[in-house]
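J.: My structure is below; once you've seen it, I'll send some questions.
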Amino acid sequence: MAGKKVLIVYAHQEPRSFNGSLKKVAVDELGAQGCTVTVSDLYAMDFEPRATRKDITGAVSNPEFFNYGVEAYEACKKGALTSDIIDEQKKVQEADLVIFQFPLYWFSMPAILKGWMDRVLCQGFAFDIPGFYDSGFLKNKLALLSLTTGGTAEMYMKTGVSGDYRYFLWPLQHGALHFCGFKVLAPQISFAPEIASEEERKAMVASWAQRLKTIWEEEPIDCTPPWYFEQ
């Protein structure tokens, strides 16, 4: 939709990968709609995933005992976070929709993307206490996880060996995104592209492109425990 702004936070090492294809088709499709699309290519940026004292410029409020959460909160209020964090926060602030594109690692996201969340979504920027879940600071934004798995769709059913895929979405979608106020759209899961045929892979990319055509009409999921655990 023309005028909308999209941030794609992309975590894959290889541009020609299947994740790279999904990212590219999103850039192309959303761009064709007239959206402004920004990509944070975390590996290409050599993004620092570790939350450390270096994230605070200038003096810390308690040099005797370093508490990252407290110091990041104070630095956020004073505009004293490092420039790489501030740059990402600006991109999030401007975005109507944030898409996270990544391969599933150990039922979670790659360390570099987890580190992006640890450092960018700090207290004072994304939430406060009070000021989380439905009153999180990013409550007027949409978020969407687009991910690939190693295992097949059958493995990620309730009766499958890995359990329902919604179980691993709980900490990612609910514990991080919804906590910060995001309205979460249904995930786009491309199951086992590495063992899929060329035709199946093409179909997965095409279905993502097709979905993006009407993405602005979608309703967010019901971000409550039953969506994850009582299906």
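J.: Please check the chain for the longest run free of trypsin sites (Lys or Arg not before Pro) that are loop-located per DSSP (anything but H, G, I, E, B) and have at most 14 other Cβ atoms within 10 Å.
T.: Result for the longest clean stretch: 51-157.
J.: What's the carbon and sulfur percent of the chain's accessible surface, probe 1.4 angstrom, rounded to a whole number? Mind dumping the intermediate values first?
T.: Details: 6280 of 11290 Å².
Its accessible area is 56 percent carbon and sulfur atoms.
J.: Computed from the mean reciprocal separation of all distinct C-alpha pairs, what Kirkwood hydrodynamic radius does segment 161-231 have, in Å?
T.: 13.9
J.: Still on this structure: Over the chain, with a Gaussian network built from C-alpha contacts below 10 Å, which listed residue (Phe100, Phe66, Phe132) shows the highest mean-square fluctuation?
T.: So, out of Phe100, Phe66, Phe132, the one fluctuating most is Phe66.
J.: Which of rounded, prolate or oblate describes segment 1-65 when judged by the alpha-carbon gyration tensor and an a/c cut-off of 1.5?
T.: On the way: a/c = 5.22, a/b = 1.99, b/c = 2.62.
Taking the square roots of the gyration eigenvalues as a ≥ b ≥ c, segment 1-65 is oblate.
J.: On to the next question. If I build a Gaussian network model for the chain, linking alpha-carbon pairs within less than 10 angstrom, which residue out of Glu199, Glu94, Glu219 has the largest mean-square fluctuation?
T.: Highest fluctuation of the listed residues: Glu199.
J.: Sorted from largest to smallest, which semi-axis lengths in Å does the alpha carbon gyration tensor of the chain give for its equivalent ellipsoid, taking the root of 5 times each eigenvalue?
T.: Value: 30, 20, 18 Å, ordered largest first.
J.: Treating only the Cβ atoms of Lys and Arg (+1) and Asp and Glu (-1) as charged, compute the dipole magnitude of segment 127-231 about its Cα centre; round to the nearest 20 debye.
T.: 220
J.: Say the dipole of segment 1-140 comes from +1 at the beta carbon of Lys and Arg and -1 at that of Asp and Glu; which of Leu7, Ala26, Cys122 then lies farthest toward its positive end?
T.: The Cα lying farthest towards the positive end belongs to Ala26.
J.: Okay, moving on. Mind listing the long-range amide H neighbours of Ser40? Cut-off is under 5 Å, sequence gap 5 or more, other chains count too, H placed in the peptide plane at 1.01 Å from N.
T.: Result for Ser40 returns Ile8, Val9, Tyr10.
J.: Compute the helix-to-body angle for 111-120: its Cα long axis versus the longest principal axis of the chain, expressed 0 to 90° and rounded to tens.
T.: With both axes taken from Cα atoms, the answer is about 40 degrees.
J.: Contact order normalised by length for the chain, with contacts defined as Cα pairs under 8 Å and 6 or more residues apart; what percent is it?
T.: Here the relative contact order equals 22 percent.
J.: Under 18 Å Cα to Cα from Lys90, which lysines show up? Leave out anything in the same chain fewer than 8 places away.
T.: Lys4, Lys5, Lys77, Lys78, Lys139, Lys141
J.: Please work out the Cα center distance from segment 3-44 to segment 156-231, rounded to the nearest Å.
T.: Going from one Cα centre to the other spans 17 Å.
J.: Let me ask something else about it. Just to be sure I understand: with springs between alpha-carbon atoms less than 10 Å apart, which residue in Ala111, Ala26, Ala209 has the highest mean-square fluctuation in the Gaussian network model of the chain?
T.: Ala111
J.: Helix-only mean residue ellipticity at 222 nm, the chain, DSSP H runs n ≥ 4 weighted -39,500 (n - 2.57), per residue, nearest 500. What is it?
T.: Here the helix-only value at 222 nm equals -10000 deg cm²/dmol.
J.: Could you pull the accessible area for Met109 with a 1.4 Å probe, rounded to 10 Å²?
T.: Met109 has an accessible surface of roughly 10 Å² with all protein chains in place.
J.: Could you do me a favour and compute the accessible area per residue for segment 132-231, 1.4 Å probe, result in Å²? Walk me through the numbers before you get to the answer.
T.: Values: 4970 Å² over 100 residues.
That works out to 50 Å² per residue.
J.: Between beta-carbons, use under 12 Å as the cut-off and find the net charge around Ala44, counting Lys and Arg +1, Asp and Glu -1. Please report the intermediate quantities before stating the final value.
T.: Working: positive: Lys23; negative: Glu14, Asp41, Asp46.
Counting the neighbours of Ala44, the net charge comes to -2.
J.: Any chance you could give the angle, 0 to 90 degrees and rounded to 10, that helix 18-32 forms with the longest Cα principal axis of the chain?
T.: So the inclination is approximately 80 degrees.
J.: Helix 83-94: angle to the longest alpha-carbon principal axis of the chain, degrees 0 to 90, nearest 10?
T.: For helix 83-94, the angle is close to 60 degrees.
The values are calculated or read from the model by the stated rules, or taken from the named source; none is laboratory data. From a predicted model like this one, the values you see are computed outputs, not experimental measurements. In this analysis, Cβ positions are derived from the backbone assuming ideal geometry, glycine residues included, and neighbour counts consider all displayed protein chains. Only protein heavy atoms, including side chains, enter the accessible area calculation; ligands, DNA and RNA are left aside. Shrake-Rupley method; radii C 1.70, N 1.55, O 1.52, S 1.80 Å.
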